[in-house]
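The values are calculated or read from the model by the stated rules, or taken from the named source; none is laboratory data. Predicted, not measured: the structure shown is a model, and the values here were computed from it. Because the Cβ atoms are built from the backbone with ideal geometry, glycine has one as well, and the counts that use them run over all protein chains shown.
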Amino acid sequence: MGSLTKLERQIVIGSLLGDGYMRIIPGKSNAFLEVNHSIKAKEYVDYKFESLSRLCESSPKERSTNDGRVAYRFFTKQHKVLTDLYHQFYQHGRKIIPAGLMLDPVTLAVWYMDDGSKSRDRDVYLNTQQFSVNDQKRLLHCLRLLGIQARLNKDKHYFRIRIMKGSINLFMKMIAPHVIDSMKYKLVITP
């Protein structure tokens with residue numbers, strides 16, 4: 001396989017910022033990526049699979065969870081290029097934000113399709129509660145480098161990222177060309 005294409009890398013990193021999960025099986029030396037979403041996001045999982053199919057051996061499959069929900073997922077093969085990303089994004093088995101992370105519109109779109117949301121009053125959030133506050137501050141810096149102003153917003157007990165009203169148009173303009181049709185409901189159309 002060699003190295004990842006630019007698009008493969010963007011999708012893997014966007015997934016790691018969102019719902020993607022990487023691991024190394026004990027006794028093995030290389031990591032793999034798991035993409036796992038609700039069956040409602042079937043088209044989105046299929047999009048990721050088609051984009052990453054060169055890294056995979058088998059197509060996505062449905063599975064029932066213990067609480068009766070139906071998930072749809074696939075796994076990549078274990079590979080050294082994924083292991084390199086694993087070591088950047090995981091520390092002691094916990095997902096982190098690596099120093100020097102650079103975002104681009106495709107990575108941002110995948111991250112938003114995974115973990116973004118909007119409220120009735122047109123607020124836009126990136127649900128980053130899984131990351132430490134310091135890692136979220138690193139993400140805020142990455143967004144600022146793209147000209148997007150955001151801040152941490154307390155959501156019950158944890159923080160998440162809220163895109164500032166003045167940056168929502170820029171954020172949406174940046175990601176909209178890369179958001180697949182079934183995820184366009186997440187976009188905010190502003191006057």
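Observations, loosely collected:
- Residue in segment 90-100 that is closer than 12 Å to F171 by Cα, of a type in the set (D, E, K, R) and loosely packed, with under 15 Cβ neighbours inside 10 Å present: no
- Applying the set (1) out of contact with any Asp or Glu (no Cβ under 9 Å at 6 or more places or on another chain); (2) free of Cβ contacts under 8 Å to residues at least 60 places away in the same chain to L139 leaves exactly one unmet item: (2).
- Filter pass, G68 being touching a residue at least 60 places away in the same chain (Cβ under 8 Å) and either closer than 18 Å to G20 by Cβ or out of contact with any helix residue (DSSP H, G or I) (no Cβ under 9 Å at 6 or more places or on another chain) (or both): no
- Condition broken by Q129, with the remaining ones in (1) within 14 Å of the chain's Cα centre (by Cα); (2) surrounded by 14 or more Cβ atoms within 10 Å (Cβ to Cβ); (3) part of a strand (DSSP E or B) satisfied: (3)
- Scanning segment 142-164 for residues that are among the charged types (D, E, K, R), under 20 Å from D104 (Cα atoms) and surrounded by fewer than 14 Cβ atoms within 10 Å (Cβ to Cβ) turns up R144, R151.
Residues checked against (1) within 19 Å of M22 (Cα to Cα); (2) not assigned by TED's automatic domain parsing to the domain that holds R144:
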site: T83; (1), (2): yes, yes
site: H87; (1), (2): yes, yes
site: Y90; (1), (2): yes, yes
site: G100; (1), (2): no, yes
site: V110; (1), (2): yes, no
site: M113; (1), (2): yes, no
site: G116; (1), (2): no, no
site: D121; (1), (2): no, no
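Yes or no, residue by residue, for (1) among the hydroxyl-bearing types (S, T, Y); (2) surrounded by 16 or more Cβ atoms within 10 Å (Cβ to Cβ); (3) in a helix (DSSP H, G or I):
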position: K42; (1), (2), (3): no, no, yes
position: Y47; (1), (2), (3): yes, yes, yes
position: S51; (1), (2), (3): yes, yes, yes
position: F74; (1), (2), (3): no, yes, no
position: L82; (1), (2), (3): no, yes, yes
position: M102; (1), (2), (3): no, no, no
position: S117; (1), (2), (3): yes, no, no
position: R122; (1), (2), (3): no, no, no
